[in-house]
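Encoded as structure tokens, the structure appears first; notes follow it.
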Amino acid sequence: MDAIRTEALTKHYRVGFWRPRPYVALDSLTLDVGQGEIFGFLGPNGAGKTTTLKLLMQLVYPTSGRAEILGKPVGDVAVRRRIGFLPENPYFYDYLTAEELLQYFAGLFGYGGADRRTRVGTLLDDVGIGAERRLQLRKFSKGMLQRVGIAQAILNDPEVVFFDEPMSGLDPLGRREIRELILRLRDRGCTVFFSSHVLSDAETLCSRVAILAGGRLAALGQLSDLLAFQVRGWELVATGVTAPALDQAKALGHVVQATPLGDRRYALELPLTAPPDRVLAELAARGATLVSLNPLRETLEDYFVRQVAAAPRDRGLEPR
Amino acid sequence: MRTIAHVAVNVFKESVRDKVLYSLVAFATLLIAVSYLIGQLTAGQDVKIIKDLGLAAIATFGLLIAVFIGIGLVWKEVERRSIYGLLSKPIRRHEFILGKYAGLALTLFVNMAMMTVAFYVVLAYMNTQFPAEARSVWPASATDPRMLLAIALIFLELLLVTAIALFFSTFSSPFLSAALTFGLWVVGHFNADLRNFESVVETRTAAHLARALYYVLPNFAAFDVKAQVVHALPVPSAYVATTAAYGIAYIALLLTGAVVIFARRDFK
Amino acid sequence: MKWRMALLCVFLFGAVVGLQALHEQRGGPLVRPVSNLLYVRSPEVMSRMALSYDALLADLYWIRAVQHYGGTRLSVEPDRQYDLLYPLLDLTTSLDPRFNVAYLFGSIFLSEMPPGGPGRPDLAIALLEKGLRAQPARWEFAQAIGFVQYWWRQDYQQAALWFRRASELPQAPDWMAPLAATTLAQGGNRQSSRLLWLHIARTAEVDWYRNEARRRLQQLDAMDQLDLLQRAVDAFRGRQGMAPSSWADLREAGYLRGTPADPTGTPYRLQSGAVMLDPRSRLNPLPVEPPRLR
């Protein structure tokens, strides 16, 4: 049984008051996420990522198509006991403290009494909220709110969690903590479905990704498959590179780009056509010394930009 | 059911921590206490004035609480997006609506109880200020428990107003909801005049329209037995039963409507 | 699921309408106690309390006065009182001395005999005199006083005096002076009354004043018709030796064609040889006429 499954999931909105025109937020999305995966749901702003998450949480209803979580149709209340959701830029209740909020939600799950208290306490420790837990949420910073959001998403030891932009608002320390948390969740057997536009996080965490652009699925699969591990060039770092040596190498087309790293140390980008050993020999003849030589592979960012550029611009439905 | 109670308690907590509510209740209690002084101004009518003023204060402030909290009940959650976190939990949409309503009903009940207690305290004090002969002339004793009947009907009336405010809150902004709710409250009080309209209008269609509105618009005038209670006139229990049943039916209708609207809403 | 909710809605809606119908059938809202209380009766106090809202308060009191009159007039209480009408009109005109329609309303409806009004022409005159103190040049008020004297008090000397005064005020219509003269000469005469009401019916700006005038004219017509009918009945009795028992008798004897009806269409009644208005007619009660001068 897949953890998450969608079939031709589509959402049209009507925009405009006097003569409503349809707007395609999501066009026929079909994907599946296996249990225990960390799945990255990527795409530029406005691609339809949040719409997809809302459809999965049944905050909006699909125009057509279906979706299932843990084998049950979306909206099944029993399934909601086994999942967790972190919305983007979460806002909870100003007037409650962090503790009270988690206790409120814990009550909705059915936890009572001492169990509720210990669970809430441990959770707040896990996400790094200490004495602030007694403060009203209106006094919380963005980063702290994000932590509370994550806490309420994993409150019930879910089997599947949905994170919408989990890293937003966090400083580098916080981001590392969340990355580690996601890995811990995976180790516990939880399926993690998160949407992001921070590609480096996806690269380090995800086993599979989907790229959404213009409301349509542009790519889906294992990262290793998508990026094809094609070498597109070399990066050569050397010291002692003189200006004339550099100019000559550029003139010959051996160096596409030279980035100075300080004190005559350069990072040189070599195209595929330039054999690195020859370029190195030429530079060494002028007095340069090798520091490192690495192949350049396509990054997710390159792939991403390529896919997105090909996406349709017009989100309106074609007139019949 | 447990879920509904849970949401209700949360609404109550929110209202208790709401500064606006505090000021309203404090002001109302103060007014009731001050009514004692106002009573001194019109000789011979002291008790009547305090009763009139007290009941009116309870009704008015109750109305303000019902409307101003009611219009935001659903709208605020949707606008501020706190609904996203809540609806992803094991809670059905109708449990959300009913929980919100129950929470406001609880808030209203507690506030009205506080105002009623203040009211009776002032009246009990009044009782001690007058000799027995003066008191024997009053149509009803100062601390007449029958006023609780009027207050109970006011409470039911306000539960209906709350249901109206909640209903509008499921789909329209606070400003519009407040205007519509107040509008219906005013029209509902002129319900009897609507009946007389029929004999005054010129065309048959207008008469039919007046009659239709008379039946459909909420009849708030029926809940007002303040004058009866102050003058110690009888209030038949059949009347109370019919009015209570009417209130409950109308509330049920509005809550069903709210649930239906809310159940199919997209939260963009 | 959807149709179940729809069904529930329909059922509840039916319950609401049904209970409202039940409420109405049982008599509607509980009857309010008879004496309404006016907390502040004194115009001086009210003027002081009004701050800068006098005009608005005057409007509110005026609305209340009209509602009070209408509500009392329409109610089914056997002993209804219009006791708040004068105080409310007094308050209205103290807050806004130029509230002309309030003075004129009072002049008619304060004078009206019970059960149509409190029957207090003295209060009506007091209100109008107050109006003249505020606006000494308004001929309408002087005329209205004259009218109250004429119609309700049957004091034709005073009436003529006031009509003369009215005729001397600026912008008074041409017919005031002749009216004064006629009143002095023939006050109480049906013809001069008819003239008075005709003028009012033609010139009054306010609906209800005009309608009142028309109603009075209908009453005068009815009185003329009743006189004619009575003469016919008397002739019948003289001829046949006994009073006719119904209109049919008079028809057979050739005194009548058809069934006589008053100007509102309600048939007249014949009872023990006397003709009269049907008690349900809107023209009741007919004005009292003084004994003829001739």
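Values computed for the structure shown
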| quantity | calculated |
| --- | --- |
| Neighbouring partner chain Cβ atoms per residue of B:102-108, average, 10 Å criterion | 0 |
| Beta bridges by DSSP in chain A, antiparallel share as percent, to the nearest 5 | 70 |
| Order of C:SER272, C:SER245 - criterion: other Cβ atoms within 10 Å of each residue's Cβ, fewest first | C:SER272, C:SER245 |
| Mean projected area in nm² (Cα convex hull; one quarter of hull surface) for the range B:110-158 | 3.6 |
| Dipole of the protein assembly as shown, positive direction: furthest Cα of A:THR50, C:GLN81, A:ALA251, with charges on the beta-carbon | C:GLN81 |
| Residue order, fewest to most beta carbons within 10 Å, for C:TRP162, B:TRP185 | B:TRP185, C:TRP162 |
| Gyration tensor (alpha-carbon) shape descriptor, chain C, a/c threshold 1.5 | oblate |
| Average other protein chain Cβ within 10 Å of Cβ, residues A:56-65 | 3 |
| Ranked list, fewest to most other Cβ atoms within 10 Å of each Cβ, for B:LEU213, C:LEU132 | B:LEU213, C:LEU132 |
| Directionally averaged projected area (convex hull, Cα atoms, the range B:2-263), nm² | 16.6 |
| Listed residue (A:GLY36, A:PRO275, A:GLY113) projecting farthest to the positive dipole end of chain A, Cβ model | A:GLY113 |
| Surrounding net charge for C:LEU270, when Lys and Arg each add one and Asp and Glu each subtract one, Cβ distance under 15 Å | -2 |
| Unsatisfied cross-links (Cα-Cα over 32 Å) in the set A:LYS49/A:LYS72; B:LYS13/C:LYS2; A:LYS11/A:LYS72; B:LYS100/C:LYS2; B:LYS100/B:LYS268 | B:LYS13/C:LYS2 |
| Within chain A, longest stretch clear of exposed chymotrypsin sites (Phe, Trp or Tyr not before Pro) (DSSP loop, no more than 13 other Cβ within 10 Å) | A:19-228 |
| Chain B: DSSP helices with Cα axial extent of at least 27 Å and average Kyte-Doolittle hydropathy no lower than 1.0 | B:19-39, B:46-70, B:147-169, B:237-263 |
| Per-residue ³J(HN,Hα) for the range A:141-154, Karplus 6.51 cos²θ - 1.76 cosθ + 1.60, θ = phi - 60°, Hz, x for Gly and Pro | 7, 4, x, 5, 5, 4, 5, 4, x, 5, 4, 6, 6, 10 |
| FRET efficiency, B:GLU202 to C:ARG190 (Cβ-Cβ, R0 30 Å, nearest 0.05) | 0.35 |
| Peptides C:169-182, B:248-261 ordered by average Cβ neighbours within 10 Å, highest first | B:248-261, C:169-182 |
| Per-peptide average of other Cβ atoms within 10 Å, ordering C:84-90, C:273-279 highest first | C:84-90, C:273-279 |
| Paired Rg and Dmax values of the protein assembly as shown, which use every Cα atom, in angstrom | 43.1, 160 |
| For A:GLY233, distant residues with modelled amide H under 5 Å away | A:LEU296 |
| For the range C:147-294, the Rg and Dmax computed from alpha carbons only, in angstrom | 18.4, 60 |
| By average C-beta atoms within 10 angstrom, highest first, the peptides A:207-219, B:197-209 | A:207-219, B:197-209 |
| Dipole magnitude of chain C, debye to nearest 20 (Cβ charges: Lys/Arg +1, Asp/Glu -1, about Cα centre) | 480 |
| Karplus-derived HN-Hα couplings along the range C:5-22 (A = 6.51, B = -1.76, C = 1.60, θ = phi - 60°), whole Hz, x at Gly and Pro | 5, 4, 4, 4, 4, 4, 4, 5, 4, x, 4, 4, 5, x, 5, 5, 5, 4 |
| Over the range C:216-276: Rg over Rh, Cα atoms, Kirkwood Rh | 0.97 |
| Neighbouring partner chain Cβ atoms per residue of A:104-114, average, 10 Å criterion | 4 |
| For chain A, diffusion coefficient by Stokes-Einstein and Kirkwood Rh (Cα), 25 °C, 0.890 mPa s, µm²/s | 108 |
| Check: the protein assembly as shown dipole with +1 on Lys, Arg Cβ and -1 on Asp, Glu Cβ, in debye | 980 |
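Read-outs throughout are calculated quantities, based only on the coordinates presented, and are distinct from any laboratory measurement. Bear in mind that the values here come from a model prediction, so they are computed numbers and not experimental data. So basically every Cβ, Gly included, is an ideal-geometry build from the backbone, and we count neighbours across all protein chains shown.
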